[in-house]
1. How big is the stretch 96-150 by the Kirkwood estimate over distinct Cα pairs, in Å?
2. Over the Cα atoms of the chain, compute the convex hull volume and normalise it per residue, giving Å³.
3. Over the stretch 186-261, what is the relative contact order in percent, taking alpha-carbon pairs closer than 8 angstrom and at least six residues apart?
4. Percent of alpha carbon pairs in the stretch 77-198 separated by more than 24 Å?
5. Suppose we flag GluC sites (Glu not before Pro) only when DSSP calls them loop and at most 15 other Cβ atoms lie within 10 Å. Which is the longest uninterrupted stretch of the chain?
6. How high is the relative contact order of the chain? Use alpha-carbon pairs under 8 Å, at least six apart in sequence, and give a whole percent.
7. Let me have the relative contact order for the stretch 133-177, percent, based on Cα pairs under 8 Å that are six or more residues apart.
8. Taking amide H atoms as placed 1.01 Å from N in the peptide plane, list the residues 5 or more away in sequence, or in a different chain, whose amide H sits under 5 Å from that of residue 245.
Amino acid sequence: MLPFHFPTLSLTTVAALSPPAARVAVIDENVETIPRDNTHDLVGITVMTPLAPRAYELARAFRRRGTPVVLGGHHVTALPDEAAAHADAVVVGEAERVWPQVVADAAAGRLRPRYRADEWADMAAVPRPRRDLLDRKKYLFRNTIQLTRGCPFDCEFCSVTSFFGRTYRTRQLEQVIPELKAMRQDSAFAFFVDDNLFGAPRYARALFRELKPLRFKWVSHASITIAYDEAILAEAAAAGCRGLFLGFESLDRRAISAMGKRFNDTRFYEEGIRRLHDHGIGVLGSFVLGTDHDTPATFDRIRRFVDRTRLDGLFLPILTPFPGTRLWRRLHHEGRIVTEDWSRYDMEHVTFRPGRMTVADLERGFERVNGHSWSWPSLLTRLLKPRNELPFFRPNRSIQIFGPMNVGYNTAWRRWKRTRRQALHTRS
Ligand code: SF4
């Protein structure tokens, strides 16, 4: 249901790891059509779980035309045997340490079936992505950059730790700042795609000092714990931070505890959001729907919270047990996975038996809470209702980013509803 697409960093990074003599093209099927010729010596496809059926279909098509195919990414790392059935080779783990070898082996005609990165990538060796290979005009938000990898936490449903391990690694600022300066020439907006930009506060502070003169307006991810430290919020805001994606996940402390996210104190949520707003930082809040403590009453609680705290942006997905995560292993063990049709692992379909409601309850609740949150009344309340009950319009300075985002989601949600209705109509 995403209204916008972001320029890929995974494939542009892999492209940068290829030998300089290799001629490389990056195709993002979200915004362009895959050419149907067979002039390539090697095709690499990165695979996320909901796109696995499409990736396998493409792999089959290229292989039929005689082009060897290599698959990698989160889904392949979690299920390498499954992916290997659709490819000439699979890459397990991060590509940095193995991709040059893959290309050399492919050139010599002796691809091995499996390449495994046995060590984490050395962050100093992570190259600058080949952004020049993308048609950047096709993206609304063009500047994406990754400064860190991993997260110090290990939430049960999250695939970050299952892919990157419980590591938190940072790129050197000497590398990052010139990259940012080059991007600044293109646009003043930036998205730091890091899973938790504030995972190492000293690094974050040093980054903010360097960022300030570049005058970016940027967004990133963090945990609500960042709002305990008002000084770092002020430094982030002064460095151009306009919004943070925060995983609240649930308003129920038992659910938070069960998913291994005890650092999220539900009693601090409202105060934390208020502090971020006071610093001019918008909050994109995420709740996962369908934890074992959720009931049909949960959705209205979240809906009220969203409006009351005036969250600037929302992400309200159905809890999804992605392969490789602890949640996936537990639900398998409990016999509660109801489908392994990966196309349904898009966080908009129910793929497991919920604990305290039916599958239909969860589907209805997902539609109700999203339908409300992307409606015009909620959108206007959240973005425009004056803070501190001042009787005039006083938008947060983050509205430049969250205004278009909400309008885009409003349209995308109505389109999603139409498509869902048509699919139900066709089935019946
Ligand atoms: S959900 Fe967020 S805090 Fe938890 S492991 Fe994933 S990235 Fe880290």
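1. On the way: mean 1/r = 0.0710 Å⁻¹.
In the stretch 96-150 this quantity evaluates to 14.1 Å.
2. 151 Å³
3. Numbers: 87 pairs, mean separation 24.3, N = 76.
Here the relative contact order equals 32 percent.
4. On the way: 3152 of 7381 pairs.
So the portion of pairs separated by more than 24 Å is 43 percent.
5. My reading of the result: 120-333 is the longest stretch.
6. Numbers: 712 pairs, mean separation 58.0, N = 428.
Rounded, it is 14 percent for the chain.
7. Relative contact order here is 35 percent.
8. Those lying under 5 Å, H to H, from residue 245 are 220, 221, 222, 284.
Each value in this text was obtained by applying a stated rule to the coordinates, not by laboratory testing. Predicted model, so just to flag it, every value in this text is computed and none were measured. Cβ atoms come from the backbone with ideal geometry, glycine included; neighbour counts cover every protein chain shown.
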